[in-house]
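The values are calculated or read from the model by the stated rules, or taken from the named source; none is laboratory data. Just so it is clear, the model here is predicted, and its values are computed rather than measured. Note that we place each Cβ from the backbone using ideal geometry, even for glycine, and neighbour counts take in every protein chain shown. Just the protein is used for accessible areas: all its heavy atoms, side chains included, with ligands, DNA and RNA removed. Shrake-Rupley method; radii C 1.70, N 1.55, O 1.52, S 1.80 Å.
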Amino acid sequence: MSKKLNWIQDELHNLQKAGLYNRIRTISSAQGARLIVDGKSVLNFCSNNYLGLANHPQVVAAAAKAVETFGVGPAAVRTIAGTTDLHMQLEARLAKFKGVESAISFQSGFNANIATIPALVGKEDAIFSDELNHASIIDGCRLAGSRIVRYTHCNPNDLERAFQDEKEKYGRALVITDGVFSMDGDIAPLDEIYAVAKNHDAILMVDDAHGEGVLGKGGRGIVDHFGLHGKVDVEIGTLSKAFGVVGGVVAGNPLVVEWLEQRGRPFLFSSAMTAPDTAACLAALDILEASTELVDKLWDNTHYFKGELRNLGFDTGQSVTPITPIMLGEAPMAQQFSRELFENGVFAMALGFPTVPRGKARIRVMISAAHSRQDLDEGLQAFAFVGKKLGVIQ
Ligand SMILES: *Cc1c(COP(=O)(O)O)cnc(C)c1O
């Protein structure tokens, strides 16, 4: 027998020893404050379903109606088989929601990044990228083949330093940052980053995956949060987090959108979002535009839960958003914490390397408008119990 794949066994074994092996739990219920996980009813503190839209009756009804009209599959890529009017509507509505001229949808936020970055820059060019940017940005940068210049996390002075160091060595320049950083819950200083990018006539791109539906007026995102309308060239978004569905979006300058229709490889070579997904996103937009109630509830819940965690003595790191890390140090401790929480009826995953740096393992709690005050209190009780048991808090 050939041994050519034995190395995988060794690598998997190493991951298990280091506490870095992903064990994926099986869910058998709709998304919401509670889930049935591995056959057990638990409180859900894992999902990116910020506004509870993933199982909102109005969103579900819109998807069901679209299934009846359009069926389930898109049948081919849009450039070859045409596109539905639902997709056109969604793109126009997303652009309006974001306060930009134009938008284009993708199958996921990940695809939106790997489509956009190589379409904007190539081998002769330079990308200035925050050192903690999302994996899909990093992969997009690698695909572009550009020179990648990492700057210190959320540090506009270091971005300026990077431009000085690189002077004259590139054709075009692209500055990319996450809006909200998904592991720490901190917000990029986009106003200051804009100032540096403008100074060097660089294209500015922000990935607002965790900002949409969360930051800005009624969840309009990070550009609205900073009042930078018309100043950011490209906004990447996902429809899988606050929107509660699945899909990605690129919003901004109409030239960028037109170019992506011609040169965005996941647009050209992968089938589109399905019609039910698209209709569900349109319904989610209706809800967001009708009222700020869900976004307000998300923030109320966030302030309450984080305040109480800190009162208990937990370290929630740099977070200023609903993303709430509980810093635990080494990965095995974070995994044990997660297992004990599960025993106590709480589903909150441990994150370790390579999702976060080594030695910075954590439990990441995701707060949602779907949580009631009672849900949050029950969760806090479990955190207090496990925290004391494992000696993380007094
Ligand atoms: C989640 C996330 C993505 C990927 O979005 P999907 O729609 O799930 O593919 C991209 N960028 C950032 C910053 C994210 O947090």
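Name the residue, out of V320, V346, that is touching a residue at least 12 places away in the same chain (Cβ under 8 Å) and either within 26 Å of G39 (Cβ to Cβ) or open to solvent by less than 10 Å² (accessible area, probe 1.4 Å) (or both).
Result of the check over V320, V346: V346.
Could you list all residues from the range 47-82 that are surrounded by 16 or more Cβ atoms within 10 Å (Cβ to Cβ) and assigned to a loop (DSSP other than H, G, I, E, B)?
Result: S47, N48, N49, Y50, L51, G52, H56, P74, V77.
With a cut-off of at least 2 residues that are assigned by TED's automatic domain parsing to the domain that holds G213 and within 22 Å of D139 (Cα to Cα), name the helices (runs of 4 or more DSSP H) lying wholly within the range 230-346.
Fully inside the range 230-346 and qualifying: 254-263, 265-269.
Can you give me the number of residues within the range 195-206 that are open to solvent by 10 Å² or more (accessible area, probe 1.4 Å) and either among the aromatic types (F, W, Y) or not in a loop (DSSP other than H, G, I, E, B) (or both)?
5
Can you spot a residue in the range 178-191 that is within 16 Å of the ligand (Cβ to nearest atom) and farther than 21 Å from D224 by Cβ?
Yes, the conditions are met somewhere in the range 178-191.
Take I363 and decide whether it is within 22 Å of the chain's Cα centre (by Cα) and within 27 Å of L94 (Cα to Cα).
The answer is no for I363.
Has the range 210-218 got any residue that is open to solvent by less than 50 Å² (accessible area, probe 1.4 Å), among the acidic types (D, E) and not in a strand (DSSP E or B)?
So far as the range 210-218 goes, yes, one or more of its residues are open to solvent by less than 50 Å² (accessible area, probe 1.4 Å), among the acidic types (D, E) and not in a strand (DSSP E or B).
Give, as residue ranges, the helices (runs of 4 or more DSSP H) completely inside the range 88-194 that count at least 3 residues that are without any contact (Cβ under 8 Å) to a residue 40 or more places away in the chain.
Answer list for the range 88-194: 135-144, 156-166.
When the residues of the range 23-46 are filtered to those that are within 16 Å of the ligand (Cβ to nearest atom) and open to solvent by 50 Å² or more (accessible area, probe 1.4 Å), which remaining residue is modelled with the highest pLDDT?
Across the range 23-46, the extreme among qualifying residues is Q31.
Results for (1) within 16 Å of the ligand (Cβ to nearest atom); (2) of a type in the set (A, V, I, L, M, F, W, C); (3) under 23 Å from L53 (Cβ atoms); (4) not assigned by TED's automatic domain parsing to the domain that holds D184, shown as yes or no for each residue.
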{"site": "F70", "(1), (2), (3), (4)": "no, yes, yes, no"}
{"site": "L86", "(1), (2), (3), (4)": "no, yes, yes, no"}
{"site": "I104", "(1), (2), (3), (4)": "yes, yes, yes, no"}
{"site": "A119", "(1), (2), (3), (4)": "no, yes, no, no"}
{"site": "N133", "(1), (2), (3), (4)": "yes, no, no, no"}
{"site": "I138", "(1), (2), (3), (4)": "yes, yes, no, no"}
{"site": "Y151", "(1), (2), (3), (4)": "no, no, no, no"}
{"site": "C154", "(1), (2), (3), (4)": "yes, yes, no, no"}
{"site": "L159", "(1), (2), (3), (4)": "no, yes, no, no"}
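On the given criteria, is S271 closer than 25 Å to T316 by Cα and hydroxyl-bearing (S, T, Y)?
When the stated conditions are applied, S271 does not pass them.
Which of the residues that make up the range 308-338 are polar (S, T, N, Q) and within 15 Å of M366 (Cα to Cα)?
Hits for the range 308-338 are T316, Q318, S319, T321, T324, S338.
Which condition from (1) within 30 Å of G73 (Cβ to Cβ); (2) open to solvent by 60 Å² or more (accessible area, probe 1.4 Å) is the one that C281 breaks?
Here C281 meets the rest and fails (2).
For the range 16-38, which positions are outside any loop (DSSP other than H, G, I, E, B) and under 16 Å from V346 (Cα atoms)?
I27, R34, L35, I36, V37
Against the condition of a type in the set (D, E), open to solvent by 50 Å² or more (accessible area, probe 1.4 Å), over 30 Å from K388 (Cβ atoms) and over 19 Å from the mean Cα position of the chain (by Cα), how does D296 come out, does it pass?
For D296, the condition - of a type in the set (D, E), open to solvent by 50 Å² or more (accessible area, probe 1.4 Å), over 30 Å from K388 (Cβ atoms) and over 19 Å from the mean Cα position of the chain (by Cα) - is met.
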